[in-house]
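Student: Just dropping this structure here.
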Amino acid sequence: MRKFVDWDSIEPLYRAGTLSIHKITDQYAADHQNSQTWKITVHHTAIIKKARQCGWTRNLAGKVKDRIKEKLVTKLVTKTQNGDQAKGKMSDNDIIERAAEEGSNVIIRHRDEIFALLEQEELLLTELKNQPKKLYLSTFRGKIIYKTIGLTVSEKSLTLKNLVIARSQRIMLERQAHNILEDTGKDKAPDLLKQIVGELPD
């Protein structure tokens, strides 16, 4: 039996404007991997062509961002999760609501991760003050020699620096994929940690 692309599931993802075309193809494949009715993959060029034919526009991104901000305040208070949206033809409000749900989840998770990272920083600083040790192994005339020596401050600082850089870069990429960061033409990486932690009132 010939299978077709489930365009009804692609349209809201496209019109929400929060995912790139390639991300939409990935999302479609994940959602339809076990489908017996629909094609399980779709090419990005097919999505672009379909959007032109049907007049789809990615004009809901601004409304999605506004709705994300509204949902964030509510979620941080209630800590509740909404159920999945029912499948089928979705209205503009449904599209905005679903995209805002995903975007607000990203921000809340990132805030939690940043606070966890700050706790790790404090633990590392405490270890530095307590002069942590490491095991040094060597050989001399066929004998194994080992002793404990203190870690250098630069070793611990480098570990902490690498952790912060890796975490901030991953968060930056994921937020860009969800169209959460404002495009001002400036590099926001140095201020990313402060932005996420201070994004909403506690």
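Student: Of the conditions (1) surrounded by 14 or more Cβ atoms within 10 Å (Cβ to Cβ); (2) at pLDDT 75 or above; (3) touching a Leu at 6+ places or on another chain (Cβ under 9 Å), Arg175 satisfies every one except a single condition; which number is it?
Tutor: Result: Arg175 fails condition (2) only.
Student: Pick from region 27-76 the residues that are part of a loop (DSSP other than H, G, I, E, B) and in contact with a Gly (Cβ under 6 Å, 6 or more places away or on another chain): which of them is surrounded by the fewest Cβ atoms within 10 Å (Cβ to Cβ)? Write out each step before concluding.
Tutor: So the first thing to find is which residues in region 27-76 are part of a loop (DSSP other than H, G, I, E, B), and the list is 32-37, 39-43, 55-60.
So of that shortlist, the ones also in contact with a Gly (Cβ under 6 Å, 6 or more places away or on another chain) come out as 58, 60.
Numbers: Arg58: 14, Leu60: 21.
This residue is Arg58.
Student: Can we say Ile149 is outside any helix (DSSP H, G or I), surrounded by 11 or more Cβ atoms within 10 Å (Cβ to Cβ) and at pLDDT below 70?
Tutor: Numbers: outside any helix (DSSP H, G or I): yes; surrounded by 11 or more Cβ atoms within 10 Å (Cβ to Cβ): no; at pLDDT below 70: yes.
No.
Student: Filter region 1-23 for residues that are buried (at least 20 other Cβ atoms within 10 Å of the Cβ) and of a type in the set (A, V, I, L, M, F, W, C) and give the result.
Tutor: Ile10, Leu13, Ala16 - these are the residues of region 1-23 that are buried (at least 20 other Cβ atoms within 10 Å of the Cβ) and of a type in the set (A, V, I, L, M, F, W, C).
Student: Here's something else I'd like to know. Across region 95-107, what is the number of residues that are modelled with pLDDT of 75 or more and either of a type in the set (Asp, Glu) or in contact with a Leu (Cβ under 7 Å, 6 or more places away or on another chain) (or both)? Lay out the reasoning, then the answer.
Tutor: Taking region 95-107 first, the residues modelled with pLDDT of 75 or more are 96-107.
Keeping just the survivors that are either of a type in the set (Asp, Glu) or in contact with a Leu (Cβ under 7 Å, 6 or more places away or on another chain) (or both) gives 96-97, 101-102, 104, 107.
Qualifying residue count for the region: 6.
Student: With the requirement that a residue be at pLDDT 90 or above and not in a helix (DSSP H, G or I), what does region 6-26 give you?
Tutor: Result: Asp6, single match.
The values are calculated or read from the model by the stated rules, or taken from the named source; none is laboratory data. Predicted model only: the values in this text are computed from it and were never measured. So basically every Cβ, Gly included, is an ideal-geometry build from the backbone, and we count neighbours across all protein chains shown.
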